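Computed from the coordinates by the stated procedures, all read-outs in this text should not be read as laboratory data. Because the structure is a prediction, the values reported are computed rather than measured. Using ideal geometry, Cβ is built from the backbone for each residue, glycine included, and neighbour counts are taken over all protein chains shown.
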């Protein structure tokens, strides 16, 4: 907390990646903060002509299972053990795929899950397209890029109500689940599979949210202008100091 307070007080300007994170920051320290979302290269995350079955074959994934894919650092705080327990509680039709590496890797392999290890960034999209559901049951997050990427591809996403995810999901916030609950996670997977929670309209609306607010080219220009404003302000203050 001391490091956070020092950084905020010494900063020339402060940006949060979501409105909820800005509000959380204000609870910790009184400071002005504007919202500037992160972004992705939208053209790189579009549906391809390749079928899900073809993608799975290329990746060596089971063609006949319901694949629940996790992408990220394999640590307890990301909820990987909750996902493991949730999928193990379901029948043999469901399989968890963990894409990434970390301290939990060996334990997840011992639990007979598919663990790919770390993959290049340009392969992340392949695993998203191969999935039936992308799950990120983290205990804390900021604004996870992999969720934005999945939504851009209209891949069903189950994640926890942490960080800026509520503002991302908007009116679909009810899809978010509480962290640390394998039972709730398993129930959500079944509801998604049965079409009770995630619908084509949900996918379309969340994809449009991503395309409206998380375009990397647009947001990078906005950030550049904010940096330029900070530098100009610093230059003016320096000139005034010299004149004084």
- [ ] Quick one: compute the contact order of the chain, relative version, from alpha carbon pairs under 8 angstrom and 6+ residues apart, as a percent.
- [x] 22 percent
Task: segment 1-96 pair-distance distribution - Cα-Cα, 10 Å bins, rounded % - done: 12, 23, 26, 21, 16, 2
Open item on the list: Can you say what percent of the DSSP beta bridges in the chain, counting only those with both residues inside, are antiparallel? Round to 5.
Closed with: 5 percent
Task: Relative contact order (percent, whole number), segment 5-80, Cα cutoff 8 Å, 6+ residue spacing - done: 20 percent
TODO: Quick one: order 127, 213, 94 by neighbouring beta-carbon count within 10 Å, fewest to most.
DONE: 213, 94, 127
Task: Helix-only CD estimate at 222 nm, as mean residue ellipticity for the chain, using -39500 (n - 2.57) per DSSP H run (n ≥ 4) - done: -14000 deg cm²/dmol
- [ ] Over all directions, average the projected area of the Cα convex hull of segment 42-213 and note it in nm².
- [x] 9.0 nm²
Open item on the list: How would 78, 154, 178, 52 line up from fewest to most surrounding beta-carbon atoms within 10 angstrom?
Closed with: 178, 52, 154, 78
TODO: Would you mind telling me which residue in 43, 193, 101 has the biggest mean-square fluctuation in a Gaussian network model of the chain, where springs connect alpha carbons within a distance under 10 angstrom?
DONE: 43
TODO: Can you put 147, 80, 230 in order of Cβ neighbours within 10 angstrom, beginning with the fewest?
DONE: 230, 147, 80
TODO: Report Rg (one decimal) and Dmax (nearest whole number) for segment 128-244, counting Cα atoms only, units Å.
DONE: 19.8, 71
